[in-house]
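The values are calculated or read from the model by the stated rules, or taken from the named source; none is laboratory data. Quick caveat: nothing in here was measured; it's all calculated off a predicted structure. Positions of Cβ are generated from backbone atoms using ideal geometry, with glycine treated the same way; all protein chains shown enter the neighbour counts.
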Amino acid sequence: MKGIAEFEAAVAAANLPGAVATITDSKGTCYSRAFGMADAVAGVPMREDTLFQIASMTKALTSTAVLQLVERGKLDLDAPIGAILPELAEPQVLEGFDDAGAAILRPAKTPVTLRHLLLHTSGCGYTFMDADLLRHAMATGKMAPGKRASLDLPLSFDPGTNWQYGVGIDWAGLAVEAVSGMTLGEWFEREITGPLGMNQTRFRAAWDAGEAQVHVREAEGGFKTQSMVLGGGEFHNGGGGLSSTAGDYARFLRMILQGGELDGVRVLSPESARIAREDALPADLSAGEMTTAIPSFATAFNPIPGQRGGWTLGGYLVNTKTGPAGRSPGSLHWAGIFNCYYWIDTDRDLAGVFLAQIAPFADPGALDAFAALERMACANA
């Protein structure tokens, strides 16, 4: 395979604890390899089937679940979501703080819809990206990871007027639960991960010592690990709670490449599969640029500099021009907070996954390795 030496050199230069990389087309796996350690402190080797906390790569599965329920008439993309989620029935917009430090709030001018939640145009932001939202959350005691109450924050803007990455998909996952009568994990197992044979993909409340641990770099070199389980909170976090393997997630990407089915097992209708792939963001808005209010957790990052980013109802960023590593215009991609990344290039019938577990997000070495994986895939297309 062309480009293997360049890719493996990029992984070595990245100085990561470990990683797993996979390239797939619609027929099956083209390349897969594990590198380094799942736990660099304890000396646990990485395996191709090592479990990772895939964080925001969960969003694509939650968005798929929503589209399944839209197909079945259980959810409406454009009806006010407050009828299903009363907490969002009368949203407030945070406009800043007065001289005494109290939050300035006003009623939102338009209702929140499911479409807004899926497209990140609802105003439901992330505290780690929005300094004002972080300040408000800390003042009101809402900085409680894994707690359901952590979602109960004001909007950053009126729904539909801007794009800001945030907890909209967490709310969408709660909508799935409200109309299905199941937990989100139960819906995934019955309708997505089970049918697709993604047998290792689930919400886990505990994390085994033999799986990939979250690392941070130490100032003097080397790594330390942090105890953090995103899937173990009070609710099934549809925005970032799943753990999975590279092989499992490649099966999900093959389903997208096959137009909503995998080897004859259909999870999305052809029309829903098309909707999941197409840019649905208003043309005057651009997606993808990530700001930060907690640099130790996530670095500011723009995955597609110099171009407008689209966003789909399936949970994907769309590059509207050729991507930095050569992916076709109209390709889909996204990431997880611990430096997990994937892309789907339907024009080339290619997709890839690069999984690492290191903070903060947008680690330069991990990004270089992911780009090299894309270039290797494109060179062999």
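On the given criteria, is Met182 assigned to a loop (DSSP other than H, G, I, E, B), free of Cβ contacts under 8 Å to residues at least 60 places away in the same chain and over 16 Å from the mean Cα position of the chain (by Cα)? So Met182 fits the description; yes. Taking the criterion of being among the aliphatic types (A, V, I, L, M), assigned to a loop (DSSP other than H, G, I, E, B) and in contact with a Gly (Cβ under 8 Å, 6 or more places away or on another chain), the only residue of the stretch 65-101 that qualifies is Ala89. Going through (1) assigned to a helix (DSSP H, G or I); (2) surrounded by fewer than 18 Cβ atoms within 10 Å (Cβ to Cβ); (3) among the β-branched types (Val, Ile, Thr) one by one, Val41 falls short only on (1).
Within the stretch 211-225, the set of residues being surrounded by fewer than 17 Cβ atoms within 10 Å (Cβ to Cβ), part of a loop (DSSP other than H, G, I, E, B) and at negative phi comprises Glu218, Ala219, Glu220. If I filter the stretch 318-359 down to residues being within 18 Å of Leu253 (Cβ to Cβ), in contact (Cβ under 8 Å) with a residue 60 or more places away in the chain and surrounded by fewer than 24 Cβ atoms within 10 Å (Cβ to Cβ), which single residue comes out as farthest from the chain's Cα centre (by Cα)? Out of the qualifying residues, it is Asp349. The test for being assigned to a strand (DSSP E or B) and either touching a strand residue (DSSP E or B) at 6+ places or on another chain (Cβ under 7 Å) or closer than 23 Å to Asp347 by Cβ (or both) does not hold for Thr50. Screening the stretch 278-299 for residues that are among the charged types (D, E, K, R), more than 16 Å from the chain's Cα centre (by Cα) and assigned to a loop (DSSP other than H, G, I, E, B) and picking the one that is surrounded by the most Cβ atoms within 10 Å (Cβ to Cβ) gives Glu278. When each of Gly247, Gly310, Gly260, Gly238 is tested for being surrounded by 17 or more Cβ atoms within 10 Å (Cβ to Cβ) and more than 22 Å from Val66 (Cα to Cα), the lone residue that passes is Gly247.
Looking only at residues in the stretch 147-184 that are touching a Phe, Trp or Tyr at 6+ places or on another chain (Cβ under 9 Å) and within 20 Å of Ala335 (Cα to Cα), the one that is surrounded by the most Cβ atoms within 10 Å (Cβ to Cβ) is Gly173. Looking at the structure I just gave you, is Gly314 of a type outside the set (A, V, I, L, M, F, W, C), assigned to a strand (DSSP E or B) and out of contact with any His (no Cβ under 9 Å at 6 or more places or on another chain)? In short, no. Taking Glu234 as meeting all but one of (1) among the charged types (D, E, K, R); (2) in contact (Cβ under 8 Å) with a residue 60 or more places away in the chain; (3) closer than 28 Å to Thr29 by Cα, write down the number of the exception. For Glu234, the failing item is (3). Determine whether the stretch 245-265 contains at least one residue that is in contact with a Leu (Cβ under 6 Å, 6 or more places away or on another chain), farther than 30 Å from Asp25 by Cβ and outside any strand (DSSP E or B). Within the stretch 245-265 (the criterion being in contact with a Leu (Cβ under 6 Å, 6 or more places away or on another chain), farther than 30 Å from Asp25 by Cβ and outside any strand (DSSP E or B)), the answer is no, since none of the residues qualifies.
Has the stretch 226-236 got any residue that is assigned to a helix (DSSP H, G or I), in contact with an Asp or Glu (Cβ under 9 Å, 6 or more places away or on another chain) and under 18 Å from Gly194 (Cα atoms)? No, the stretch 226-236 contains no residue that is assigned to a helix (DSSP H, G or I), in contact with an Asp or Glu (Cβ under 9 Å, 6 or more places away or on another chain) and under 18 Å from Gly194 (Cα atoms). Looking only at the stretch 1-26, filter to residues that are over 24 Å from the mean Cα position of the chain (by Cα) and part of a loop (DSSP other than H, G, I, E, B); which one of those is surrounded by the most Cβ atoms within 10 Å (Cβ to Cβ)? The residue in question is Gly3.
The set of residues in the stretch 126-152 being modelled with pLDDT of 90 or more, closer than 16 Å to Ala293 by Cα and part of a loop (DSSP other than H, G, I, E, B) consists of Tyr126, Thr127, Phe128, Met129, Asp130. Go through the residues of the stretch 48-64 one by one and say whether even a single one is modelled with pLDDT of 95 or more, acidic (Asp, Glu) and crowded, with 20+ Cβ neighbours inside 10 Å. No, there is no match, as no residue in the stretch 48-64 is modelled with pLDDT of 95 or more, acidic (Asp, Glu) and crowded, with 20+ Cβ neighbours inside 10 Å.
Is the stretch 171-178 home to any residue that is assigned to a loop (DSSP other than H, G, I, E, B) and within 20 Å of the chain's Cα centre (by Cα)? No. Scanning the stretch 246-254 for residues that are in contact with a Cys (Cβ under 9 Å, 6 or more places away or on another chain), at pLDDT 95 or above, hydroxyl-bearing (Ser, Thr, Tyr) and more than 21 Å from Leu117 (Cβ to Cβ) turns up at least one hit.
Filtering the stretch 88-110 to residues that are closer than 21 Å to Gly239 by Cβ and either surrounded by fewer than 14 Cβ atoms within 10 Å (Cβ to Cβ) or in contact with a helix residue (DSSP H, G or I) (Cβ under 7 Å, 6 or more places away or on another chain) (or both) leaves Leu88, Ala89, Leu94.
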